Amino acid sequence: MPDFRAFWIGQSISVIGDQVSGVAIPLVAVLILEADAGQMGLLTAAGLVPHLLFSLPFGVWLDRVHRRRRVMIAADLGRALLLASIPIAWALDVLTLEQLFIVGFVVGTLTVGFDILWATIFVSVAPRDRYVEANTLLGGSRSIASVAGPTIAGALVQFLGAALTIVADAVSFIASAVSLTFVRAVEEPVEPDDSSLRERLAVGLRFIFRDPIMRATLLAAGWINLFDFAFMALLILYATETLGVSPGLLGLVLGSGAVGGVIGAIIAARVGRRIGLGPAFALGCVLFPVPLVLVPLAGGPELVVLGCLFAAEFGAGMGVMILDVNVGAVILARTPDRIRSRAMGSFRFVNYGIRPVGALVGGFLGTLIGVRETLFVVSVLACFGVLWLVRSPVIRLRDLPEPAEIG
């Protein structure tokens, strides 16, 4: 699969850059601009609100676009330029929180378009019977990035400063754009559709909410994401300000703990084959959030604090990979080709749209009841997401489902 190989290499480089920025941008806000809990919630939300605003209209529009790969390349280059503006503004001593909010919002908007089209490129470069295998490779890349990214970010922030570290993510988007130029696979044809915009919007929403597999999958994932992003909005602030962990040490611990994600990606397909794709997804829905409870419980000697952060990252990383690899293959297989962009846009509208809500909830609660208390509450609530699967057909899925029938 040479086309998949080019696609995979580019995405692997890009996700490492994303992990670097995921640590560096919050550190810019905290260490350089002295952001508080509410502002950290807003910063996280700024990058996620576009999923809520644009997933549905982008899904409809991109189903009509013929040269989708070119749109993805343009999105990559746009994100690279926007991220590069942060270290430039810092060097000129004009960097503000408002700029971080704006960059986060526009980068998030371009990410919505890129990620919706990602599914259409994936199915053109990977045969259906190898979806789980291909998803495992991409999941492995994300896991390795979660190990390497925070470690690299922590080291770069320690030696270069948080602002200059963001250059690494800008470069990674350029690498992703270059890799897409080597993909030669024929894209799925655009089917004629004379229906109105409103009708095309409704098709994707009806599919994800009426299909029992998609509905249960979305509700479980959305619930977990709501509380996970409330958690993530405060994690950097809590670790550096409350626990007193230095950026370099925090990056090293989070990166080392993320080895669990690598292990999860390695065993995810095997778990799916052994117990079935649906039960493997349900298992991931438990293994992902449960270890996060250790973070607000961290306290005492530095070694205990670091041990709790490591164990939380290790366990959550393993769980999320088992979840992602198996459910990702199910979603790709269940979605009909002719509405793929609309369906993915609708799915992301809910699953990603709930994330800025979570970030704002985290920031609000962190200000209202305290950061540690908020982290404990939201990490416990995230553990109940698996209950959405109990009465659904997802829990009985052994293999990839057939594409859904749509009218």
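The values are calculated or read from the model by the stated rules, or taken from the named source; none is laboratory data. This structure is a prediction, so every number in the text was calculated from the model and none was measured. Every residue, glycine among them, receives a Cβ derived from its backbone with ideal geometry; neighbour counts consider all protein chains shown.
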May I ask you to say which residue of Thr367, Thr374 is of a type in the set (Val, Ile, Thr), more than 21 Å from Asn225 (Cβ to Cβ) and either in a helix (DSSP H, G or I) or free of Cβ contacts under 8 Å to residues at least 24 places away in the same chain (or both)?
Thr367
Would you mind finding the one in Ser55, Ser14 that is in contact with an Asp or Glu (Cβ under 8 Å, 6 or more places away or on another chain) and either under 21 Å from Ala153 (Cβ atoms) or surrounded by 24 or more Cβ atoms within 10 Å (Cβ to Cβ) (or both)?
Ser14
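Please find, among Val390, Val350, Val304, the residue that is touching a residue at least 12 places away in the same chain (Cβ under 8 Å) and either of a type in the set (Val, Ile, Thr) or more than 28 Å from Ile144 (Cα to Cα) (or both).
Of the residues listed, the single one that is touching a residue at least 12 places away in the same chain (Cβ under 8 Å) and either of a type in the set (Val, Ile, Thr) or more than 28 Å from Ile144 (Cα to Cα) (or both) is Val350.
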State yes or no: is Ile73 at pLDDT below 80, assigned to a helix (DSSP H, G or I), surrounded by fewer than 22 Cβ atoms within 10 Å (Cβ to Cβ) and out of contact with any strand residue (DSSP E or B) (no Cβ under 8 Å at 6 or more places or on another chain)?
no
Subset of segment 21-45, residues closer than 12 Å to Ala163 by Cβ and hydroxyl-bearing (Ser, Thr, Tyr), comes to Ser21
From the option list Pro50, Pro26, Pro87, single residue qualifying as crowded, with 17+ Cβ neighbours inside 10 Å, more than 22 Å from the chain's Cα centre (by Cα) and either more than 15 Å from Ile236 (Cβ to Cβ) or not aliphatic (A, V, I, L, M) (or both) is Pro87
Kindly establish whether Leu381 is modelled with pLDDT under 90 and surrounded by fewer than 20 Cβ atoms within 10 Å (Cβ to Cβ).
no
Counted residues, segment 253-271 - those being crowded, with 19+ Cβ neighbours inside 10 Å, part of a helix (DSSP H, G or I) and within 21 Å of the chain's Cα centre (by Cα)
11
I'm trying to understand the selection: among the residues of segment 90-114, which are free of Cβ contacts under 8 Å to residues at least 40 places away in the same chain and more than 20 Å from the chain's Cα centre (by Cα)?
Leu92, Asp93, Val94, Glu98, Gln99
Meets criteria (within 28 Å of Leu360 (Cα to Cα), touching a Lys or Arg at 6+ places or on another chain (Cβ under 9 Å), acidic (Asp, Glu) and modelled with pLDDT of 85 or more) for Asp228
yes
Run down Ala312, Ala280, Ala333 and say which single residue is at pLDDT below 90, assigned to a helix (DSSP H, G or I) and either in contact with a strand residue (DSSP E or B) (Cβ under 8 Å, 6 or more places away or on another chain) or among the small types (Gly, Ala, Ser) (or both).
Ala333
Would you confirm whether or not segment 353-362 contains a residue that is farther than 17 Å from Arg215 by Cα and either in contact with a Pro (Cβ under 9 Å, 6 or more places away or on another chain) or polar (S, T, N, Q) (or both)?
yes
Condition check: among the charged types (D, E, K, R), surrounded by fewer than 21 Cβ atoms within 10 Å (Cβ to Cβ) and under 24 Å from Ile174 (Cα atoms). Does Arg79 satisfy that?
no
Quick count over segment 31-47, residues being β-branched (Val, Ile, Thr) and more than 22 Å from the chain's Cα centre (by Cα), is 1
Among the candidates Gly299, Gly319, which residue alone is modelled with pLDDT of 85 or more and either under 14 Å from Ala221 (Cβ atoms) or not in a helix (DSSP H, G or I) (or both)?
Gly319
Take the conditions in contact (Cβ under 8 Å) with a residue 24 or more places away in the chain and more than 25 Å from Asn326 (Cβ to Cβ) and apply them to Val290. Does it pass?
no
